[in-house]
2 protein chains.
Amino acid sequence: MRKICIVGGVAAGASCAARLRRLDEFTEIIVFEKSGFISYANCGLPYYVGKEIADFGNLILHTPESLYKRFRIDVRTNSEVLSVDTGQKKIRVKGPEGTYEETYDVLVLAPGCFARKMYGDFPVLRNVEDVQRIDMLAEDVDSAVVIGGGFVGIELAENLAERGKKVTVLEYADHILTNLDEDLVAYLEEELRRNGIDLRTSVRIRDAKQEEKVTITFEDGSSMETDLLVSSAGVLPATAFLEGSGVTLDQRGYILVDGHMRTNVPDVYAAGDAVLVNHLVTGKKTAVPLAGPANKEGRIAADNIAGLNSTFKGALGTSIIKVFDLAGGSTGLNSAQLKREGIEFGVICIHPSSHAGYYPGSSPLHIKLFYETASGEILGAQAVGKEGVDKFIDVIATAMNYGAKADELADLDLAYAPPFGSAKSPANYLGFIAGNVRNGLEELVTVEEALNSDEKHVLLDVRTNGEYSRGSFPNSVHIPVDELRDRLAELQPYKNKILDVYCAVGIRGHIASRILRAYGYQTRNVTGAYTTYQAYRK
Amino acid sequence: MRKICIVGGVAAGASCAARLRRLDEFTEIIVFEKSGFISYANCGLPYYVGKEIADFGNLILHTPESLYKRFRIDVRTNSEVLSVDTGQKKIRVKGPEGTYEETYDVLVLAPGCFARKMYGDFPVLRNVEDVQRIDMLAEDVDSAVVIGGGFVGIELAENLAERGKKVTVLEYADHILTNLDEDLVAYLEEELRRNGIDLRTSVRIRDAKQEEKVTITFEDGSSMETDLLVSSAGVLPATAFLEGSGVTLDQRGYILVDGHMRTNVPDVYAAGDAVLVNHLVTGKKTAVPLAGPANKEGRIAADNIAGLNSTFKGALGTSIIKVFDLAGGSTGLNSAQLKREGIEFGVICIHPSSHAGYYPGSSPLHIKLFYETASGEILGAQAVGKEGVDKFIDVIATAMNYGAKADELADLDLAYAPPFGSAKSPANYLGFIAGNVRNGLEELVTVEEALNSDEKHVLLDVRTNGEYSRGSFPNSVHIPVDELRDRLAELQPYKNKILDVYCAVGIRGHIASRILRAYGYQTRNVTGAYTTYQAYRK
């Protein structure tokens, strides 16, 4: 009987084990899990801290007993794989009763990542034991500091705040959640502060010390005290045990696999957070430490072990986070990544209603779409808002899976009724705008570009008098769109300039731009317009 | 100066007019609208009856004055186009001050549909005047009857109920909302009844008479009284004025157009509810009286008039309706349509959580996916639930726009965090199942087929003892999935039969089926399982 050993029993490992059994009733399957729990809801852990998830049992999807009953899987918890000998096809395991060797015919590596520990032995959030520890420590404290403004850090901060703690978030970068552009993450940062979280960015920590309280010292010599410090400063692959195994890792320790989740060593597969997968936009190998891809990779490894020809085609890194009443989501690449990749791209910013404005309860969505200038192909999208962020992101991610061009979004036939959306959905709108750009009906300019233009450009505000009086771009000429045709003479001095037209969100700017072009003016429409301008100023 | 006349000023007509102006500043644009209002929020009208939308002004997106100011469009309300002379290129118009002729260079037909009046002059809901009438009539009544269980009828019924009326819905067919299959619409029918609406289906009305009250008499001789009858018994194209114009209509009066929204007559375009468009699944001409396509068609007509080469590629008929706390959505074809089209199709039913079950507030989604047996291409999908219906439908509609095959849904990289979804989204799950079918790992059977199987088939319930004791398919053998391996001997008598395995939703059925196949049994997994069975019994 073939014996398959799986290192790691959470998302990728557990998915792989269960799928393997469904494909092969008679193989021996052993799962080695370092922690005391398997198949737990990793992504739910922060919400246990906030008591959103009150029942601990709800986070545990399977026990070793239930996995044995249903799948005849031999699950060994508290069992750390110390080393792998791919020549002899055996692994060394430290279990509850000592260290032993286990042979394998096929090995699956799904060890996941560990949370980087910085400044000392402060709690991190990786597994069930961690969350139990944080939950216990949080019981008797008033204040808490979270170091790191990534997904887990922000979810933890929110949940500690929901539990009544005075929470500070310390982030090294200029902004939290670096998957989002600055003008979109601004709404989430505002939401954190609105909910009482002391969010500090561009922070340089020198040191942190636990005495009765925790003292954090900063590079500038200042310091702060807190009752509880939780570190959430990124993850690294938990692959040290692979040293000398012959399995190829990259410099950071990520496991290299092909589309069938095979490593370079025969009969050794890998899946989950510790592997690098193909990025669907860049075509490069990338780490995507998210539950969706991890589960799929585990499943695909099982398929190939069982003789099915399945491939993991790649990831877009699609993600979403709840930040109190808002959500922020993204798929594909963001501005910074696109610049790093050297890809020539266009960007479209819109601020539509989450559903028909006349139906109660609608709220603004803030959306960015990136597309390749030459091909028109969509490269990424992001959105922030109260409602509809997940829907929008999923639509774009689905379109991207088929290599959609931005203007094709106009064709999508999406579900509409007033409580759920608009007759012209955000995706459709983006498609209309992309089509206008492609057809040469419109040239877009970003807020940053418009603000940094040379003297050949003039900013033209086409909003109402009331809107203009409450604030505008610096140095802009103002003529409301509905008065434009009658006041063209006022623009005569700018006949040889380029008018960078803006309104509140971009629609009236487009209309004004079209009028002006008919009268021989050169125009660009400021995408996202004054609303995006304000976001940069949050 | 070119003169463009547009018949109809709501979704398609208004979109066409505004787009035309943005494309051509100097053409003359006249819009003739039969009612007193233009560019109003058609889809919002039922919610005005329920006072969900309290401010009448919110429904009116533009007035003739605002459209003139912004777009220099000559809007003529209360102006009915009586006839079209395409030879002389002129139309006859009955306006507020009498009848006159107007010439055109280009004519756009966007007359929409009218609501069929049955049994007499009872109110219907088509335009703003209609909703004002119903709103007024509803003021002083206790009871109301809505004839017709389509989108508008059901939205009206809900809104009349929200306003405190005792509402009865009379539907001729066996079920309301015929875009949905019987087992999905069952949840919406239950929701209507749960909210106090007296829903009667398969109703045969003989007659309705207005005296002090309205008396409705049925074919079986029985009758009922009500204070207010609103008829919502379908729509027909408002194209009688095209008689003798030479514009080709189908038998029912729908206008035939090509992908550029051109009719058979040069310089005559058409858009909106009164035209037939290409159905993306069948490739046949079909009426899609929905706001999304109407707006797009108007825009595309304008593009082509202005010399841009835009095409309306076709519609999927994607739609959604709110029914109290539930939503029901669909895209593409349903079972009945697929049978009518003679397409060989497979169906997958699932009942996933709207988001991670351990995170508060999740609710069940009920989902069906149809795919072509031979190619695997997705033909349609539908969903009912409290949360996530619009998202799911939009993902499938987007995938269908790219000719997605069902098993490709497994590849979609969608946004996941516990408040928004599951690591394996419903679309992913459908893809996994479709892949299993394609790979021959699983054969699915519908509940109807399983119930009507011959004596070669045996029903096997693999749920727990508790679940089984609360009800099961008739005549089923029962062995819980976790006991299956130990109790195989009990199945020995069925070794030469086909075991139709079922659980609550289909997951344990799949696991059991895989175990049984390993031991040489022939199996099918009942898709949707006991949950779908119960839906048919609602």
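The values are calculated or read from the model by the stated rules, or taken from the named source; none is laboratory data. This is a predicted model, so every value here is computed, not measured. Quick reminder, even Gly has a Cβ in these numbers, built from the backbone with ideal geometry, and neighbours come from all protein chains shown. To get the accessible areas, we keep the full protein, side chains included, count just its heavy atoms, and leave off ligands, DNA and RNA. Shrake-Rupley method; radii C 1.70, N 1.55, O 1.52, S 1.80 Å.
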Of the candidates B:Asp220, B:Asp207, B:Asp174, B:Asp142, the one satisfying the condition of being exposed (fewer than 15 other Cβ atoms within 10 Å of the Cβ), over 22 Å from the mean Cα position of the chain (by Cα) and free of Cβ contacts under 8 Å to residues at least 40 places away in the same chain is B:Asp220
Listed residues A:Val447, A:Val389, A:Val384; which is within 24 Å of A:Lys497 (Cα to Cα) and open to solvent by less than 10 Å² (accessible area, probe 1.4 Å)?
-> A:Val447
Among the residues listed as B:Asn264, B:Asn309, B:Asn304, B:Asn278, the single one being assigned to a strand (DSSP E or B), open to solvent by 20 Å² or more (accessible area, probe 1.4 Å) and on the phi < 0 side of the Ramachandran plot | B:Asn278
With the condition kept exactly as written, say whether any residue in the stretch B:424-435 is modelled with pLDDT under 95 and either open to solvent by 20 Å² or more (accessible area, probe 1.4 Å) or within 24 Å of the chain's Cα centre (by Cα) (or both).
-> yes
Complete set of residues in the stretch B:125-142 that are closer than 10 Å to B:Val49 by Cβ and touching a Phe, Trp or Tyr at 6+ places or on another chain (Cβ under 7 Å) | B:Val131, B:Asp135
Which one of these does A:Gln88 not meet: (1) in contact with a strand residue (DSSP E or B) (Cβ under 9 Å, 6 or more places away or on another chain); (2) open to solvent by less than 50 Å² (accessible area, probe 1.4 Å); (3) not hydroxyl-bearing (Ser, Thr, Tyr)?
-> (2)
Return the residue satisfying two criteria in turn: it lies in the stretch B:18-36 and is under 32 Å from the mean Cα position of the chain (by Cα) and not charged (D, E, K, R), and of such residues it is farthest from B:Lys296 (Cα to Cα).
-> B:Gly36
Looking only at residues in the stretch A:358-379 that are within 12 Å of chain B (Cβ to nearest Cβ) and in contact (Cβ under 8 Å) with a residue 60 or more places away in the chain, which one is nearest to B:His355 (Cα to Cα)?
-> A:Tyr359
Selection count, the stretch A:275-315, where residues are within 7 Å of chain B (Cβ to nearest Cβ), under 18 Å from the mean Cα position of the chain (by Cα) and farther than 24 Å from A:Pro46 by Cα | 1
Subset of the stretch B:381-408 (residues that are within 12 Å of chain A (Cβ to nearest Cβ), in contact (Cβ under 8 Å) with a residue 40 or more places away in the chain and of a type outside the set (D, E, K, R)) | B:Ala381, B:Gln382, B:Ala383, B:Val389, B:Phe392, B:Ile393, B:Ile396, B:Ala397, B:Met400, B:Asn401
Per the filter on the stretch B:44-88, residues within 12 Å of chain A (Cβ to nearest Cβ), aliphatic (A, V, I, L, M) and touching an Asp or Glu at 6+ places or on another chain (Cβ under 8 Å) are B:Leu45
For the stretch B:104-172, list the strands (runs of 3 or more DSSP E) that sit wholly inside it and hold at least 1 residues that are within 23 Å of B:Arg206 (Cβ to Cβ); which are they?
-> B:113-115, B:143-147, B:166-170
Considering only the stretch B:1-99, give the helices (runs of 4 or more DSSP H) lying wholly within it that have at least 1 residues that are under 21 Å from B:Asn127 (Cβ atoms) and of a type in the set (Gly, Ala, Ser).
-> B:11-23, B:64-71
What do you reckon, is B:Phe26 open to solvent by 50 Å² or more (accessible area, probe 1.4 Å), away from chain A (no Cβ under 13 Å) and of a type in the set (A, V, I, L, M, F, W, C)?
-> no
Residue satisfying all of: in the stretch B:505-538; within 14 Å of chain A (Cβ to nearest Cβ), outside any helix (DSSP H, G or I) and touching a helix residue (DSSP H, G or I) at 6+ places or on another chain (Cβ under 8 Å); most open to solvent (accessible area, probe 1.4 Å) among these | B:Tyr519
Scanning the stretch B:468-488 for residues that are outside any loop (DSSP other than H, G, I, E, B) and open to solvent by 80 Å² or more (accessible area, probe 1.4 Å), the one farthest from B:Tyr519 (Cα to Cα) turns out to be B:Ser469
Select, from B:Gly246, B:Gly164, the only residue that is surrounded by fewer than 18 Cβ atoms within 10 Å (Cβ to Cβ) and under 30 Å from B:Val108 (Cα atoms).
-> B:Gly246
Just one of A:Glu33, A:Glu52 is under 30 Å from A:Asp140 (Cα atoms) and crowded, with 19+ Cβ neighbours inside 10 Å; which is it?
-> A:Glu52
Qualifying residue in the stretch B:426-445 (condition: under 22 Å from B:Asp181 (Cα atoms) and either part of a loop (DSSP other than H, G, I, E, B) or at the interface with chain A (Cβ under 7 Å from one of its Cβ atoms) (or both)) | yes
(1) surrounded by fewer than 21 Cβ atoms within 10 Å (Cβ to Cβ); (2) away from every other protein chain (no Cβ under 13 Å); (3) in contact with a helix residue (DSSP H, G or I) (Cβ under 6 Å, 6 or more places away or on another chain) all hold for B:Arg340 apart from (3)
Tell me, yes or no, whether the stretch B:98-109 has at least one residue that is open to solvent by 20 Å² or more (accessible area, probe 1.4 Å) and within 32 Å of the chain's Cα centre (by Cα).
-> no
Given the residues A:Ser79, A:Ser15, A:Ser39, which is the only one that is touching a strand residue (DSSP E or B) at 6+ places or on another chain (Cβ under 6 Å) and either over 21 Å from A:Arg299 (Cβ atoms) or of a type in the set (S, T, N, Q) (or both)?
-> A:Ser79
A:Ala41 open to solvent by less than 20 Å² (accessible area, probe 1.4 Å), within 14 Å of chain B (Cβ to nearest Cβ), touching a residue at least 60 places away in the same chain (Cβ under 8 Å) and under 26 Å from the mean Cα position of the chain (by Cα) | no
Specify which of the listed residues (B:Val152, B:Val169, B:Val131) is over 30 Å from B:Arg537 (Cα atoms) and either touching a Leu at 6+ places or on another chain (Cβ under 9 Å) or surrounded by fewer than 14 Cβ atoms within 10 Å (Cβ to Cβ) (or both).
-> B:Val131
